[in-house]
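First the structure, in the form of structure tokens, and then the observations on it.
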Amino acid sequence: MAEFADDSSLLAILLDVSPSAVVHLASTPGLSLQTLLEQLLIFVNAFSLLNDGNRLAVFTAGPSGCQLAYCSSSCLPPAAAAEAAAERGTAPSAEVLKGLWQAIAGTAAAEKAGGGTFAGTSCQFSSALSRMLCFINSLQCRAAAAAAGAELSGGAGPSGGASAAVRKQQPMRLLCLTAAPDVPSQYIAVMNSIFSAQRSGVLIDACQLGVGDSSFLQQAAHLTGGIYLKPDKPQALLQYLNSVFSLDASTRQYLRLPGNTRVDFRASCFCHKRQIDLGFVCSACLSIFCEQLPACLTCGTDFQGGQGKK
């Protein structure tokens, strides 16, 4: 594992505020939306205090898309960062709370304007993951450009070049908080985002607060080296957040943490977008179908005898 000058890291939090998540959260014993927000704000402050170099971004996901509720000043371009630093206080909780309530109010207003058409609907989880990965990629590109500029200028000296290189390698993590069940129709897009995170070296942590488990989040944590956790006592969410999800990847190797021992690897078929235990796979493009077909619906390959690989 790469060595860093300090233990700082970037944490991007995704909070599901969709009507489906709110409904399922209400049925979770000892936990409500208000309690969740209160405990999340304490965790945000604690994470910021762990290291001066820690950076934070908070996103919300709803039926209409994903919004950036808050990000640290150091995540912004230089001009915007200076302006944001002058306006904000030392604790990020107030800005985070403001952004979260704006997103929740926006979702409620959209539902009211649509005549309740959003009622019970889930968030666009795949688009939220994609946007968060794009946000992280922009930070990585900016860090790489800064490191290259420092090396070319030569004015910063050896220590300056080393500092830029370390900044470029700052570990980055995603933390997904949701109570809603998976949406099988988003399977392909979600898996593509998970593979992108894996390729970029971004860990995906997940905390499922609903009644059932999330196959998407289990696979995301397993494939990227993150942690999937379904709290036994949701009312003690703050303890789980501080003791498990505040730790960076380099620290976790020294501690005994919850493992992803039971991962649901079932896929969703490409034809009906539903989760299956047994299906047919195209030998050309690896598309999965729940029934025998004469040809692949994705790439058009003809199946001899009307069957794909089972």
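The values are calculated or read from the model by the stated rules, or taken from the named source; none is laboratory data. Quick caveat: nothing in here was measured; it's all calculated off a predicted structure. No Cβ is skipped: glycine too gets one built from the backbone with ideal geometry, and neighbour counts run over all protein chains shown.
The table for this structure:
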read-out: Extreme residue, surrounded by the most Cβ atoms within 10 Å (Cβ to Cβ), among residues of the stretch 6-26 that are in contact with a strand residue (DSSP E or B) (Cβ under 6 Å, 6 or more places away or on another chain) and closer than 19 Å to Trp101 by Cα; value: Val17
read-out: Condition check for Ala249: surrounded by fewer than 18 Cβ atoms within 10 Å (Cβ to Cβ) and within 16 Å of Ser9 (Cβ to Cβ); value: yes
read-out: Flag if Ser214 is buried (at least 19 other Cβ atoms within 10 Å of the Cβ) and either of a type in the set (Ser, Thr, Tyr) or modelled with pLDDT of 75 or more (or both); value: yes
read-out: One residue from Val244, Val281 being among the aliphatic types (A, V, I, L, M), more than 20 Å from the chain's Cα centre (by Cα) and surrounded by 12 or more Cβ atoms within 10 Å (Cβ to Cβ); value: Val281
read-out: Filtered residues of the stretch 196-221 (kept if part of a helix (DSSP H, G or I) and closer than 17 Å to Gln253 by Cβ); value: Ala221
read-out: Odd one out for Asn260, checked against (1) in the same structural domain as Ala144 (by TED's automatic domain parsing); (2) in contact with a His (Cβ under 9 Å, 6 or more places away or on another chain); (3) in contact (Cβ under 8 Å) with a residue 40 or more places away in the chain; value: (1)
read-out: Residue ID - farthest from the chain's Cα centre (by Cα), chosen from residues in the stretch 9-68 that are of a type in the set (Asp, Glu) and within 24 Å of Met172 (Cβ to Cβ); value: Asp52
read-out: Filtered residue count, the stretch 241-264, keeping only those that are under 25 Å from Ser126 (Cα atoms) and not in a loop (DSSP other than H, G, I, E, B); value: 4
read-out: One residue from Ala165, Ala189, Ala147, Ala143 being within 27 Å of Ala206 (Cα to Cα), outside any loop (DSSP other than H, G, I, E, B) and modelled with pLDDT under 90; value: Ala143
read-out: Members of the stretch 222-240 that are in a helix (DSSP H, G or I) and among the small types (Gly, Ala, Ser); value: Ala236
